[in-house]
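What follows is a short report on a single structure.
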Amino acid sequence: LLQHVNSQDLVTFTGSASTGLMLKSNPNILKENTPFTMEADSLNCIVLGNDVHPDMPEWDIFIKEIRKEMTLKAGQRCTGIRRIFVPENKLEDVHIALGKALSQTVIGNPLNASVRMGSLAGTTQRKEVREQVQKLLASSQIIYGSLDSVQVVDADAETGAFLSPILLLNQQPFTSLEPHNIEAFGPVSTLMPYNNMDDAIALS
């Protein structure tokens, strides 16, 4: 298809950075100077304000939004939240609240009325997500979920390409490059602390 585009055409791509770069480097795209728009490896973030406490409705909204973004379409969305920034003194409370929320997510066959999260797009995708999480583990640790086991309802965990939601913790967001550069395109997000609003802005 890309052999037929010219300077009056427009190519728009969303997906992985590696695939996007391959397409953008197509000789015909370069020769024709075809406009190429790419959205790749989105590392969207969410920030909990320093004035938000566990007894406030904003706290519940924050936790629910993260759970939704991690589990909707098994996290395989370019708008998914990959980085979670919270005040350092609320890190443990958020960790506990997210663990509780994620543990209530029933995984399995979407035809079952109790299920809230299905499988990834395929076993190849699951393999890629696991590989990306391994890279993230260079500077983070898993604090919820497992790469190797997941409980499913009305389905087979292996053949169905199911994966547990994975919540990572990174204690050094300013010196760790991985959470800001590597996207695991699945139900994966990294929790990180910040000290003040300037830090939160810089990290975002």
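The values are calculated or read from the model by the stated rules, or taken from the named source; none is laboratory data. Note that the coordinates shown come from a computational prediction; the quantities given were computed from them, not determined experimentally. In case anyone asks, the SASA skips ligands and DNA or RNA and just uses the protein heavy atoms, side chains included. Shrake-Rupley method; radii C 1.70, N 1.55, O 1.52, S 1.80 Å.
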Å² of accessible area per residue within segment 75-135, as computed with a 1.4 Å probe and no ligands counted: 50 Å²
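Before rounding to the nearest 500, sum -39500 (n - 2.57) across all DSSP H runs of length at least 4 in the chain and divide by the residue total; then give [θ] at 222 nm in deg cm²/dmol.
-9500 deg cm²/dmol
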C-alpha long axis of helix 123-136 to longest principal axis of the chain, angle in °: 70 degrees
Cα centroid of segment 122-148 to Cα centroid of segment 25-57, whole Å: 20 Å
Helix 57-71 axis, angle to the chain major axis (alpha carbon atoms, nearest 10°): 50 degrees
Over 28 Å (Cα to Cα) - which of K68/K90; K73/K127; K68/K135; K24/K68; K68/K127 fall in this group: K24/K68
Identified option (computed Rg and Dmax of the Cα atoms in Å; candidates (i) 18.9, 59; (ii) 22.1, 77; (iii) 16.6, 55): (i)
Geometric extent, Cα atoms of segment 1-73 - Rg, Dmax (angstrom): 20.0, 59
Percent carbon-and-sulfur accessible area, segment 112-191, ignoring ligands, DNA and RNA, probe 1.4 Å: 47 percent
Value of relative contact order over segment 82-204, rounded to a whole percent, pairs C-alpha under 8 Å and six or more apart: 33 percent
